[in-house]
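Enquirer: Pasting in a structure now, in structure tokens, and then I'll have a few things to ask.
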Amino acid sequence: MKVMTPECDEQRDAWLARLCADIYGREAGLSPLVTFTGTRQLLFAHEAARLWALVDDQGRPGALALLTLDASGAGMTLWLHASPGGDRESLRRLIRELAQKAPLRVDAADQDEEAFFRRCGIERWFAIPGGRRVGLSSHHPARGVSELEPALSFDDDAVLRRFKHDPHFFEQEKGRFVERLAAFPG
């Protein structure tokens, strides 16, 4: 198993489609498509996000992670992560590798998620408003919560408005999502 980023746009889009499907599920309405489209059209286009995978010898991803740059470009946030086969160990190994090499930030919703990220090598933790916790890898430049920059993102509502006002764009993106999801190595 090795950690890699996709070699071409088609592979990247297949991995992203699968990640979105795994995160949101099959009955999630337009959410997977909005995330797929916004990430491709805005974040990837501006080199503000990068997709990583832990792949086996045949190039099949056992875990996927989408990292987005923060506003200053000095740190990266683990935005989405999943294991297509449900293998938490592959996901842990992927996040651990990324934490060892990148200025990584993770947000934990609860104690179980924080414990998982701690097993991934994230050891610096801070409380943030809303009862959440944020963890930083040893490479992250922030020394505290006050130094954290927001992660770059896109406006979901703007993507939805474009879908509504541009039916051709919607059909094109929907077709690309379905096609790329079907191309994910099984």
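Enquirer: Among the candidates R143, R96, which residue alone is out of contact with any helix residue (DSSP H, G or I) (no Cβ under 7 Å at 6 or more places or on another chain), of a type outside the set (F, W, Y) and in a helix (DSSP H, G or I)?
Expert: Result of the check over R143, R96: R96.
Enquirer: When you scan region 146-168, how many residues do you find that are surrounded by 12 or more Cβ atoms within 10 Å (Cβ to Cβ) and basic (K, R)?
Expert: The number of residues fulfilling the criteria is 1.
Enquirer: Looking at region 99-112 only, could you name the residues that are free of Cβ contacts under 8 Å to residues at least 24 places away in the same chain and either touching a helix residue (DSSP H, G or I) at 6+ places or on another chain (Cβ under 7 Å) or assigned to a helix (DSSP H, G or I) (or both)?
Expert: Passing the criteria: Q111, D112.
Enquirer: When you go through R143, R96 one by one, which is the residue that is touching a Cys at 6+ places or on another chain (Cβ under 7 Å) and open to solvent by 70 Å² or more (accessible area, probe 1.4 Å)?
Expert: Just a single option satisfies the conditions, and that option is R96.
Enquirer: Another question about this same structure. How about region 2-29: which of its residues are among the hydrophobic types (A, V, I, L, M, F, W, C), touching a helix residue (DSSP H, G or I) at 6+ places or on another chain (Cβ under 7 Å) and outside any helix (DSSP H, G or I)?
Expert: Within region 2-29, V3 is the sole residue that qualifies.
The values are calculated or read from the model by the stated rules, or taken from the named source; none is laboratory data. Everything numeric here is computed off the predicted structure, so don't read it as measured data. Note that we place each Cβ from the backbone using ideal geometry, even for glycine, and neighbour counts take in every protein chain shown. Just the protein is used for accessible areas: all its heavy atoms, side chains included, with ligands, DNA and RNA removed. Shrake-Rupley method; radii C 1.70, N 1.55, O 1.52, S 1.80 Å.
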